[in-house]
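Structure record follows, encoded as C-alpha cells.
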Amino acid sequence: MRLADFPQPLGAREDAAVLDACFLGPYGENDALLEKLVVEFLRDHVYWRRNFHPEDPPAIPTRAAQQPAYQAFEARMRRELHALSAALKKSVPFHSPRYIGHMASDLLLPGLAAQLLTLPYNPNNVSEDAAPVTVELEVRAGLQLARMIGYPDDPEREDCAFGHLTSGGTVANYQALRLALALKAFPVALRAVGVPDIDVPDDDWLAFNTGPAAGIALSERWRQWRDAQPPAQRRMWQAAVEAARIETLGIAGFFERHPTLKPPRVLAPTTAHYSWSKGVKLLGLGRAQLELLPERGMRLDADALQETLERCLRRHEPVLMAVGVLGTTEYGTVDPIDRVVAARDAMQSRGLGFSVHVDGAWGGYLATLFRNEDGSLRARDDVATDFARFPLPDVHAAFAALADTDSVTVDPHKLGYLPYGSGAFVCRDHRAMALLAEEADYVFDGPASTRYMARYRRLGQYIPEGSKSGAAAAAVYVTHRVLPLDHAHFGMLPRQTVSAAEAFHARAQRFAAAVADVVHAQVPFAPDSNIVCLALNPVGNTDVARANAFVRLLHEELRCDPQRPLQVKEFFGSMTTLRPDALGIAELHRIATELGLDPATFDGDADRLAILRHTLMNPWLIDRENGISYIDRYFEFLEQRVRELQRGASVPA
Ligand SMILES: *Cc1c(COP(=O)(O)O)cnc(C)c1O
C-alpha cells in the first residue's frame, strides 16, 4: 500500500514535527537530547548537594577510590549491572513500531527526564514534610486531569475536583470504591447519632440512598455545625459520629446495627477489568456484591443496567456504584457513560442513590481529543475532521458526559506514555475526600486559595498508599505542562493512535480479501478507539476449537519467548477471546457463521472464540520519513504465516 492511501489528519505535518521531539525514538534517534538532559540535571543535583553547606568538607575521602575494598565493590557492582543490562535485552520492545501487543509504548521525554532528574532527590509524596515540592505537583497534576475530564479545576471553587496519583488503575479503582462507600454510609451514621439542627432522612434506607451530591452536602453541613461548637462539645460529637461510621464499625458491625440495610452492590459491565473483583474483595464487600451486567455490541447494555436498577429498587438492594468503562482493556470499546449518568439521576429521584465511576484507565487520555484549549468541549464534527470514522456519536456522547460523573480513573502509564507506576484517581467534588481522611479534619487557617493546597499537602491522609514516589508525580505534572491536555497539544498523541487504528482497520479488510482463498478473516466489530481485533478461521474448518488452535498457533509467533532472542520475532501482538457475555449470543453466532464456523461447536472448552488483539499506540506505525508502513508489513507477515500454516509447513520452533 502507498502512504498516500492513509488519511492525512489536519495539521499532521505540525503534529509530526512535535512528535519528533517527544520520544527517545524507535532507533534511539533522540539519544543526544536525552543524554544532554540527564547529564545537565545530574550535575545540577550534585551542585545542589555541594551548595547546601559548602563549608562542610567532603566526608568521603578523595583517595577512597584507590582503596582495594572500594575497587572490589565497584567491580562487583559493575558486574551485576552488566548482568542486569544484558538480561534486560530480553525486555519487551515497547518502543518499536513492530510492537502492537499490550497497552504500552515509548515514553514521553519530558516525563522520563523529569522522573530521572527527580529520582536522586527521592521525594516521598506521603506528605509535604517528605516532599515539599512534588506533593504540590501531584495535586496540580490531579487538577490538570480534572480539567481534561471536564470537572471544576479551580481550587478557589468550594466544589473543585481533586485527583491524586496511585501505583496504577487497580488502586485508583479501589480508591473509587472506598470513597463511594464512605459517602453512601455517612448519612446513616449521622442519622444514628442524631445530631441536633441537621436534618437527616427519615429512615436508614433513605439515608443510605441520598446519592453522592446530597451525601457531600450533609457531610459539609455536619462539619460546619461541628466546628461552630465549643471545643468540648465539638470533640464529643466528633467522637460519636466517628463511632457510628462504617469505617469504624466495619462492614459486619455496620449492617448488624442497621438490620434493614444490606451490603451494597457494584454494577459493572462484564468486560470490566479484574481490578473490580480485587477491589470488592479488598473492601470486604465480597465478590458476590459485584454484579457483572451484559453488553450489547461490546458495550454496557444500558437497558440491562436499567432493569437491574429497577430490580434493586424493588427488592431494596442498595447500589454502591455503577461503573462505566472508557476504553475496555480487551477491545478498547467505550461504554455509554451518558446513559449511566442519566440512569443515576433518574433513579436518584425515585429513591435509589449511587455513584457513577468511569474506569478510564485505558481511554482516559482520549478525552484530550474532545477538549478545546479553553477547556470547553469540542463538537463531534470538529473532532471528526481528523478521522475517517472516529468518534461515533455514541462515543462522543460518552466523553461529553464525563463531566457529570462522580469519579474517574486514568492511567498516565498507559495512554499518558509515562513510566510505570502511575495511575490516577480523580473525583468531581473534593469535599467528599474529607470522609477518607485518616485524622479528624480540623479547620485550616488562611484564605480559601491556600486552604485547598494546604489540606492536600497532607496527601497520606487520603490515599490508599503510604510512602510513594514523588518522582512519578513530577513526571506526570511536567508532561502535562509541556503538552497541555487539550486537542491541540497532548491530543496529537491520541490523534495518531486513533488514526493508526483506522488505517489498521482498513488494511485488515484488504488483508481479509487477499487471504480469502486460505482463511476467513474478519474485524469482528469496528473499533471504538485504538484497539483492533482480528478473527481468523482456516477455509474448510467449521469447528470452533480448531479455529482457536489456529489463532493460538499464529499468536505463538507474536509473543515474547524468554528462551529465544528478541530479534527472531518479526512482530508482537496479543490475543483475547470473544465471549457470549460480552457480545451477546446472537452476535457471537453471527460472527462465527461469517467465519464459516458452526455455532453448534461452541461447547466444552471452546465456549469462546480466540482472536488476535492489536494495540496501535506507537507513533511510528506509519514511518513517513522512510515511506514504511509497519501496519502494511505486519499484514504481509501475517499473510505469509497464515499461508505457511495452511500449507502445513513446519512452524519454526
Ligand atoms: C489497565 C486497566 C486497569 C488496571 O490498571 P493498572 O494500571 O494495570 O493497575 C483497570 N481498568 C482498565 C479498563 C484498564 O485498562
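For the reader, a short list of remarks on this structure follows.
- Matching helices (runs of 4 or more DSSP H) fully within segment 41-160 where at least 2 residues are out of contact with any Lys or Arg (no Cβ under 6 Å at 6 or more places or on another chain) and touching a residue at least 12 places away in the same chain (Cβ under 8 Å): 109-118, 134-149
- For segment 514-529, the condition of being of a type in the set (A, V, I, L, M), part of a strand (DSSP E or B) and touching a strand residue (DSSP E or B) at 6+ places or on another chain (Cβ under 9 Å) holds for at least one residue.
- Verdict on residue 297 being assigned by TED's automatic domain parsing to the domain that holds residue 182, within 16 Å of the ligand (Cβ to nearest atom) and within 18 Å of residue 363 (Cβ to Cβ): no
- For segment 417-437, filtered to residues that are within 11 Å of the ligand (Cβ to nearest atom) and not polar (S, T, N, Q), the residue that is surrounded by the most Cβ atoms within 10 Å (Cβ to Cβ) is 424.
- Restricting 4, 32, 16 to those that are in a helix (DSSP H, G or I), loosely packed, with under 11 Cβ neighbours inside 10 Å and modelled with pLDDT under 90 reduces the list to 4.
- Scanning segment 554-574 for residues that are surrounded by fewer than 12 Cβ atoms within 10 Å (Cβ to Cβ) and within 29 Å of the chain's Cα centre (by Cα) yields a count of 1.
- Of the residues in segment 364-381, at least one is within 18 Å of residue 494 (Cα to Cα), surrounded by fewer than 20 Cβ atoms within 10 Å (Cβ to Cβ), of a type in the set (A, V, I, L, M, F, W, C) and more than 16 Å from the ligand (Cβ to nearest atom).
- For segment 136-174, a residue qualifies if it is among the aliphatic types (A, V, I, L, M) and within 15 Å of the ligand (Cβ to nearest atom), and the qualifying residues are 145, 165, 171, 172.
- So residue 332, is it under 17 Å from the mean Cα position of the chain (by Cα), under 14 Å from residue 406 (Cα atoms) and within 14 Å of the ligand (Cβ to nearest atom): no
- Close pairs (7 angstrom Cβ cut-off, 6 or more residues apart or separate chains): more than 9 Å from the ligand (Cβ to nearest atom) in segment 266-277, among the hydroxyl-bearing types (Ser, Thr, Tyr) anywhere: 267/308
- Residue pairs whose Cβ atoms lie under 7 Å apart, sitting 6 or more positions apart in sequence or on different chains, and linking a residue in segment 237-262 that is in contact (Cβ under 8 Å) with a residue 60 or more places away in the chain and assigned by TED's automatic domain parsing to the domain that holds residue 181 to a partner that is buried (at least 16 other Cβ atoms within 10 Å of the Cβ) and charged (D, E, K, R), are 238/226; 258/204; 261/204.
- Residue among 456, 452 that is touching a His at 6+ places or on another chain (Cβ under 9 Å) and either surrounded by fewer than 21 Cβ atoms within 10 Å (Cβ to Cβ) or charged (D, E, K, R) (or both): 452
The values are calculated or read from the model by the stated rules, or taken from the named source; none is laboratory data. What you are looking at is a predicted structure, and each value in this text was computed from that prediction instead of being measured. Cβ sites come from the backbone with ideal geometry, for glycine too, and all protein chains shown count toward neighbours.
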